[in-house]
1. Could you tell me which residue of region 54-68 is surrounded by the fewest Cβ atoms within 10 Å (Cβ to Cβ), considering only residues that are in a strand (DSSP E or B) and touching a helix residue (DSSP H, G or I) at 6+ places or on another chain (Cβ under 7 Å)?
2. Restricting attention to region 101-135, and to residues there that are closer than 21 Å to residue 20 by Cβ and hydrophobic (A, V, I, L, M, F, W, C), which single residue is surrounded by the most Cβ atoms within 10 Å (Cβ to Cβ)?
3. What's the number of the only condition in (1) outside any helix (DSSP H, G or I); (2) in contact with a helix residue (DSSP H, G or I) (Cβ under 6 Å, 6 or more places away or on another chain); (3) surrounded by fewer than 21 Cβ atoms within 10 Å (Cβ to Cβ) that residue 40 fails to meet?
4. Given the residues 98, 170, 145, which is the only one that is buried (at least 17 other Cβ atoms within 10 Å of the Cβ) and farther than 19 Å from residue 48 by Cβ?
5. Condition first: of a type in the set (D, E, K, R), within 16 Å of residue 85 (Cβ to Cβ) and without any contact (Cβ under 8 Å) to a residue 60 or more places away in the chain. Now tell me which residues in region 1-30 satisfy that.
6. May I ask you to say which residue of 122, 146 is assigned to a helix (DSSP H, G or I) and touching a Ser or Thr at 6+ places or on another chain (Cβ under 8 Å)?
7. Mind checking which residues of region 16-37 are surrounded by fewer than 17 Cβ atoms within 10 Å (Cβ to Cβ), outside any helix (DSSP H, G or I) and hydrophobic (A, V, I, L, M, F, W, C)?
8. Filter region 76-106 down to the residues that are closer than 19 Å to residue 10 by Cβ and either in contact with a strand residue (DSSP E or B) (Cβ under 8 Å, 6 or more places away or on another chain) or not in a helix (DSSP H, G or I) (or both) and list them by number.
Amino acid sequence: MILALSGRRIDAPDADQVRFPLDNIGRVRTELRELLAEQGITWLVSSAACGADLIALSEAGQLGVRRRVVLPFSREEFRKSSVVDRPGDWGGLFDEVMDEVGATGNVVVVEAAQDEDPFHAVCREILAEASAIGKERHQPVGAVMVWDGNVRDSPDYTSEFGAEARAQGMPVFTIKTV
C-alpha cells in the first residue's frame, strides 16, 4: 500500500491548546511504525515539518519504505518556518531525511497558484503524488491523519487532508497525538 500522511506539528511553547506535546513523541513513533509494518506500506508521501511528518519519514526510512517529500517552498525556507521553530531537535532529523530523500530524487516543491495557500497546495499534492505512485505500482493508496482529532479554526490542513482523502475513496487511518 502507498500511504499519504498529514499531521500535527509539535506544540509551540506558548500554544493555547495542546495538539501534539513533546511527551507523546515516543507513543506516536511506535504507532506509526506499527501502522507502516502492519499495512505493508511500500511508499510514504508527506511533507517534512517537525512532529508527525518527520517522525513518520524517519520510521519509514528505518523500515526500508520508499519516501517522497512534498514542500511548499525551498528546503531552507521550510526548515526555518516549519521545522526549527518548535521545541525539540528537529533540524538534524530534517537535514538527514531531506538528504536521504533528495538523493533519490523524491523531493517535490509545489508551485502554488498566486492566490492559493501553499500549505493547502501541499496537502493536495501529497494525495496526488500518492495516487500516482499507487497507479504506477498497481497498489492501493491510503491516508493517515496524525492528529489530536479536533478541528481547529480554519485552516485545518490535517482535517481538510482527511476529508479529501475520503472523498477520493481512500481508507483513512488515524493516529492520535494526545
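The values are calculated or read from the model by the stated rules, or taken from the named source; none is laboratory data. Not measured: the values here are computed from a predicted model. Using ideal geometry, Cβ is built from the backbone for each residue, glycine included, and neighbour counts are taken over all protein chains shown.
1. Residues of region 54-68 that are in a strand (DSSP E or B), as a first pass: 66-68.
The next check asks that each one be touching a helix residue (DSSP H, G or I) at 6+ places or on another chain (Cβ under 7 Å); those that pass are 67-68.
Values: 67: 20, 68: 23.
That would be 67.
2. 126
3. Answer for residue 40: the failing condition is (2).
4. On inspection, the qualifying residue turns out to be 170.
5. 14
6. Sole residue among the options that is assigned to a helix (DSSP H, G or I) and touching a Ser or Thr at 6+ places or on another chain (Cβ under 8 Å): 122.
7. 18, the sole residue that qualifies.
8. Of everything in region 76-106, those that are closer than 19 Å to residue 10 by Cβ and either in contact with a strand residue (DSSP E or B) (Cβ under 8 Å, 6 or more places away or on another chain) or not in a helix (DSSP H, G or I) (or both) turn out to be 78, 83, 84, 85, 86, 87, 88, 89, 97, 98.
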